[in-house]
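Novice: Attaching a single structure in structure tokens format; questions to follow.
The values are calculated or read from the model by the stated rules, or taken from the named source; none is laboratory data. This structure is a prediction, so every number in the text was calculated from the model and none was measured. Counting neighbours? That spans all protein chains shown, and the Cβs are built from the backbone with ideal geometry, glycine included. Accessible surface is based on the protein model in full, side chains and every heavy atom, while ligands, DNA and RNA are left aside. Shrake-Rupley method; radii C 1.70, N 1.55, O 1.52, S 1.80 Å.
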Amino acid sequence: MSSQTEQDQLSQQILETASGLYLKYGLKKVTMDDISKAVGKSRTSIYYYYKNREEVFQAVLANLIRGVISEIDANMKKRNTFKEKIEEFCLSKIKTSEERSSFFRAIEAGMDHEEKSKHMTDAHNRMMEAERSLLLNLFSTSISNHEIPAVSVDEQETIIYYSAEQYQRYQA
């Protein structure tokens, strides 16, 4: 096994372990010591990958977003038409949101309003940008394949924006 692969595996193990700890105890209660003990490595090993708790948390969020987008994308690829892919996007988004809601509730535990606003707004914005990229790619591919009429990027952005607004209303 190459050293790079071992490093990647340890980095991923740190993120998965931290995620589990956040789910169990909440973000505020998890320390770098807790993560190092749970991973079975020294704190120095953890600090090699992440310089502090905030960096670990941001990496966990990025990993979560990548996983959600990957899952949504994989589900969309199982469908054939543009319409079916859009429907699958919506269904998968709802499903993945519901599946991960306990994680977000857990990390919010013990946060004050300012911290919730900062972290949850950041996570929401990062997710929205990843979803936007996924949908813009779908539009581009579908236009190139002459499956849907050509629409400007501005029009695509408008459709995506209104779709996100409808989703927010559904969640409320």
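Novice: Find the residue count for segment 26-51, including only residues that are touching a residue at least 60 places away in the same chain (Cβ under 8 Å) and either among the basic types (Lys, Arg) or open to solvent by 90 Å² or more (accessible area, probe 1.4 Å) (or both).
Specialist: Residues flagged as touching a residue at least 60 places away in the same chain (Cβ under 8 Å) and either among the basic types (Lys, Arg) or open to solvent by 90 Å² or more (accessible area, probe 1.4 Å) (or both) within segment 26-51 amount to 2.
Novice: For a quick check of your reading of the model, give me the residue pairs whose first member lies in segment 99-117 and is under 15 Å from residue 30 (Cα atoms), whose second is of a type in the set (Val, Ile, Thr) and at pLDDT 80 or above, with beta-carbon atoms closer than 9 Å and at least 6 apart or on different chains.
Specialist: 107/60
Novice: Read through the list (1) in contact with a Lys or Arg (Cβ under 8 Å, 6 or more places away or on another chain); (2) surrounded by fewer than 18 Cβ atoms within 10 Å (Cβ to Cβ), then give the number of the only condition that residue 64 fails.
Specialist: All conditions pass for residue 64, except number (2).
Novice: May I pose another question? Would you tally the residues in segment 143-153 being assigned to a helix (DSSP H, G or I) and modelled with pLDDT of 95 or more?
Specialist: Of the residues in that region, 2 qualify.
Novice: Let me ask something else about it. In segment 78-136, how many are outside any helix (DSSP H, G or I), surrounded by 15 or more Cβ atoms within 10 Å (Cβ to Cβ) and among the acidic types (Asp, Glu)?
Specialist: Matching residues across segment 78-136 total 0.
Novice: Which one is farthest from the chain's Cα centre (by Cα) among residues in segment 1-22 that are buried (at least 17 other Cβ atoms within 10 Å of the Cβ) and in contact (Cβ under 8 Å) with a residue 24 or more places away in the chain?
Specialist: 14
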